[in-house]
Amino acid sequence: MHYYTDVLKKYADFSGRARRQEYWMFFLFNLAALIIVAILDNVIGTYPVLYLIYAVAVFLPGLAVGVRRLHDTGKSGWWMLISFVPLIGGIWLIVLMATEGQAQPNEYGPNPKALQA
């Protein structure tokens with residue numbers, strides 16, 4: 001759970017690097033929360049109001065952790081735009097997000113995996 005809250009604490013921090021675990025755990029918790037909010041929204045009959053409020057609230061932290069994840073692989077945050085290329089772009093972005101980060105420090109900062117070890 002702390003991965004989710006840590007990303008929210010860095011709400012719009014696009015600098016630095018994020019480990020694979022930080023990115024994917026945020027993705028998992030966020031997906032679960034979106035599903036729960038959608039179900040709750042349907043039950044109380046306000047769909048899609050609460051769902052949209054939550055989605056908009058976590059859009060910027062999700063984008064920021066994605067950019068930091070790309071920084072860990074040595075790529076610029078602009079690589080997020082590759083997802084707009086139909087079919088291939090989304091697949092390539094998943095591959096980039098799943099790729100292990102650079103072990104040595106890069107232009108975006110020190111290796112976050114080494115800092116937590």
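Among residues belonging to the range 63-82 that are assigned to a helix (DSSP H, G or I) and among the basic types (Lys, Arg), point out the one that is farthest from Tyr11 (Cα to Cα).
Going through the range 63-82, the residues assigned to a helix (DSSP H, G or I) turn out to be 63-72, 77-82.
Filter again for among the basic types (Lys, Arg), leaving 68-69.
Working: Arg68: 12, Arg69: 14 Å.
Among them, the one singled out is Arg69.
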Residue count, the range 11-24, condition more than 17 Å from Pro110 (Cα to Cα) and assigned to a loop (DSSP other than H, G, I, E, B), comes to 2
Residue pairs qualifying under the 7 Å Cβ cut-off, at least six apart or on distinct chains, with the first in the range 25-40 being within 13 Å of Leu52 (Cα to Cα) and at pLDDT 95 or above and the second being part of a helix (DSSP H, G or I) and of a type outside the set (Phe, Trp, Tyr), are Leu34/Ala55; Val37/Leu50; Leu40/Leu50
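Out of all the residues in the range 40-62, is one or more assigned to a helix (DSSP H, G or I), under 12 Å from Met97 (Cα atoms) and under 19 Å from the mean Cα position of the chain (by Cα)? Working first, answer last.
Quick first cut of the range 40-62, residues assigned to a helix (DSSP H, G or I) only: 40-44, 49-62.
Among the residues that remain, those that are also under 12 Å from Met97 (Cα atoms) are: none.
No, the range 40-62 contains no residue that is assigned to a helix (DSSP H, G or I), under 12 Å from Met97 (Cα atoms) and under 19 Å from the mean Cα position of the chain (by Cα).
Taking the stated definitions as given, is Ala64 in contact with a Phe, Trp or Tyr (Cβ under 8 Å, 6 or more places away or on another chain), surrounded by fewer than 16 Cβ atoms within 10 Å (Cβ to Cβ) and not aromatic (Phe, Trp, Tyr)? Break it down into steps so the answer makes sense when it comes.
Working: in contact with a Phe, Trp or Tyr (Cβ under 8 Å, 6 or more places away or on another chain): yes; surrounded by fewer than 16 Cβ atoms within 10 Å (Cβ to Cβ): no; not aromatic (Phe, Trp, Tyr): yes.
Criteria not met by Ala64.
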If we ask which residues in the range 92-107 are surrounded by fewer than 12 Cβ atoms within 10 Å (Cβ to Cβ) and either aliphatic (A, V, I, L, M) or within 16 Å of the chain's Cα centre (by Cα) (or both), their number turns out to be 4
Across (1) surrounded by 13 or more Cβ atoms within 10 Å (Cβ to Cβ); (2) over 16 Å from Tyr23 (Cα atoms), Pro110 clears everything bar (1)
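The values are calculated or read from the model by the stated rules, or taken from the named source; none is laboratory data. Values in this document were obtained by computation on a predicted structure and should not be read as measured data. Cβ atoms come from the backbone with ideal geometry, glycine included; neighbour counts cover every protein chain shown.
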